[in-house]
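Presented below is the structure to which this report refers.
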Amino acid sequence: MTHSPDAVLDGRGHGTLSIASILAEAARRSPERTALHFMDRTIAYGDLWDQTRAYAGALAARGVGRGSRVAMIVPNVPDFPRVYYAALALGAVVIPVHLLFKADEIAFVLTDAGADVVVVAAPMLAEALPAAARAGVPLLTVLAPEGLELGGVPVARLEAEAAAATPIARHTSVNPLDPATVLYTSGTTGTPKGAVGSHLAMIEQVHCSLIDSFDLRPEDVVYGGLPFFHSFGQMAVLNIAFRRRASIILLPKFDPDEALALLVRHKATVFTAVPTNFAGMIEAAKRSLDRPPLRFAVSGGAALPVALLESFEAVYGAQVHEGYGLTETSPSCTFNVTSEPIRPGTVGRPMWGVDVAVADPEIEDRIVLLPDPPPGGTGALGEIVVRGHNLMKGYLGRPDATAEAVVDGWFRTGDLGTVSDGDVVTIVDRKKDMIIRNGYNVYPSEVEAVLARHPGVSIAAVFGLPDDVHGQEVHAAVVPAGGHSVDEAELVAYMKEKVAAYKYPRVVHLVRSLPLGPSGKVLKRELVERFTRRSEAPAAP
């Protein structure tokens, strides 16, 4: 039976939903409760919303409204939530920009996103000012001193304009499917792409996390060192903590000793971080006997070696719950929930309303799902694909890239993994990171997990370099653990005894640190480039 079109059945309806309501409702229900700990100050929810309404008034006076695009380059300081929720409260789309981007990269994002205005923290002005000028985007600052001039031109201060503006009374109503954010991918496969997130996908992510995944309570104090410009920190810390009306400890730049001191001072109960942060906290604990009263920890962004998980739990007395997701999935897809025993080495089970399956990685023009796992067993290795309420709307201005990523309604993650009979997901590695040595597949995360068990290793990254004989050779970049002396030959010998002959790294590079992306994920392409150049350099005479 066919029916004639009907606007009520086919349209977007009259329902509204806004991420701005997360802060607005917290302020209305618990105005005196502490929202933020920053340096030696605390900011209550009621005060933070008042400040946000004033910022929104200033932006509105500049013409920002429903559908406007507001870029922001702001670290984890109180001005991040003020600007973020102010723009969303006006019905605008927020475009957080990586804090370490240089002028050319910033100009690209501002132009590609079609930004109408950019709000920049004073420390980032040196790169952002010429970028904004090149892109033709008006610039406002926060954290800048009064009377600041650059090149003889006064710099507009959002604080001053907010003080003179009329605060908005309430946030703007928007359709649940309206765009809320544009988050740029790290560009591991080329030019960064802007993933557009809807209010619905992000709010549903928050609610599913709080109902099923996190045992988060209003009295909790959450570590807020993950960068909020990235989806992990923005969703798993900022929005989730504010929705529960918990408190957040802000840390603009990760330093393990400072982080530990802040966690202790503010009696932190939840630590949410990436594997490199966990490694840093274990090292910091060797320099201090103080410990915070953590109830649990959350890891994401990259695979957490089981050895790191076990070490953190032993040192801090807090179990680590690992999850998995991507910018394009708002971000979480799976999680080791806090109400169940964890499954170390896995990323848990799919979140409510999210389908996770394994597809044939060699077939790219359609989705061919691999057979379900046998009873009590694990299915075949393939590409992890996802569908559900958490998917992005698409890549801004890139219908071709969207069509490549979302096939037959499934998002292709580019990650290789398995799903067990109990729906437990294990991520083996990025499809593009897999090393093929002598025709055998080597999965770096598996080798990294073994390396992490060596007492002299703080954290390691395994990658492949071209090799004339073997196709690719296995290399490892290793950050030594504090208080241990270790050399390359010792680590090669150790790995030779622990893994199959085709897997162990023939070359180990001892490094001070690993190159990190916006979420704290190790940028293996930079390691490949660095050590390829080094191997190709002519020998010294």
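The computed Cα extents along the principal axes in Å for the structure shown corresponds, within [x] 74, 58, 45; [y] 69, 68, 49; [z] 119, 53, 50, to [y]. Given axes a ≥ b ≥ c from the Cα gyration tensor, I'd like to know whether the stretch 448-541 is rounded (a/c under 1.5), prolate (a/b larger than b/c) or oblate. Verdict is rounded for the stretch 448-541. Rounded to the nearest 10 degrees, the inclination of helix 524-536 to the longest alpha-carbon principal axis of the chain is 50 degrees. Axis angle, to the nearest 10 degrees, between helix 20-29 and the longest C-alpha principal axis of the chain: 70 degrees. Panel order for Ser330, Ser30, Ser311, by other beta carbons found within 10 Å of each beta carbon, from fewest to most: Ser30, Ser311, Ser330.
Roughly what % antiparallel, to the nearest 5, for the DSSP beta bridges in the stretch 254-430? Please list the in-between numbers first.
Values: 24 of 32 bridges.
In the stretch 254-430, DSSP labels about 75 percent of beta bridges as antiparallel.
When the Cα positions of Met392, Tyr316, Ala357 are compared along the charge dipole of the stretch 254-430, Tyr316 comes out farthest toward the positive end, with charges on each C-beta of Lys, Arg, Asp and Glu. Does the stretch 275-330 come out rounded, prolate or oblate, given a ≥ b ≥ c as the square roots of the eigenvalues of its C-alpha gyration tensor, rounded meaning a/c under 1.5 and, failing that, prolate meaning a/b above b/c? The shape class here is prolate. Would you mind classifying the stretch 74-197 by shape? Square roots of the alpha carbon gyration tensor eigenvalues, ordered a ≥ b ≥ c; an a/c under 1.5 is rounded, otherwise it is prolate if a/b is larger than b/c and oblate if not. Because a/c hits 1.5 or more and a/b fails to exceed b/c, the stretch 74-197 counts as oblate. Simple rule: put +1 on each Lys or Arg Cβ and -1 on each Asp or Glu Cβ in the chain, find the dipole, and look at Trp49, Leu210, Phe101; the Cα lying farthest toward the positive end is Trp49.
Applying 0.36 nm per residue to the separation of Val492 and Leu465 and subtracting their alpha-carbon distance, the gain on full extension is 8.1 nm.
Going by C-beta contacts inside 10 Å, put Leu23, Leu527, Leu158 in order with the fewest on the left. Could you put the intermediate results ahead of the total?
Values: Leu23 28, Leu527 21, Leu158 25.
The order, fewest Cβ neighbours first, is Leu527, Leu158, Leu23.
Read-outs throughout are calculated quantities, based only on the coordinates presented, and are distinct from any laboratory measurement. This is a predicted model, so every value here is computed, not measured. For neighbour counting, all protein chains shown are included, and Cβ atoms are generated from backbone atoms with ideal geometry for every residue, glycine included.
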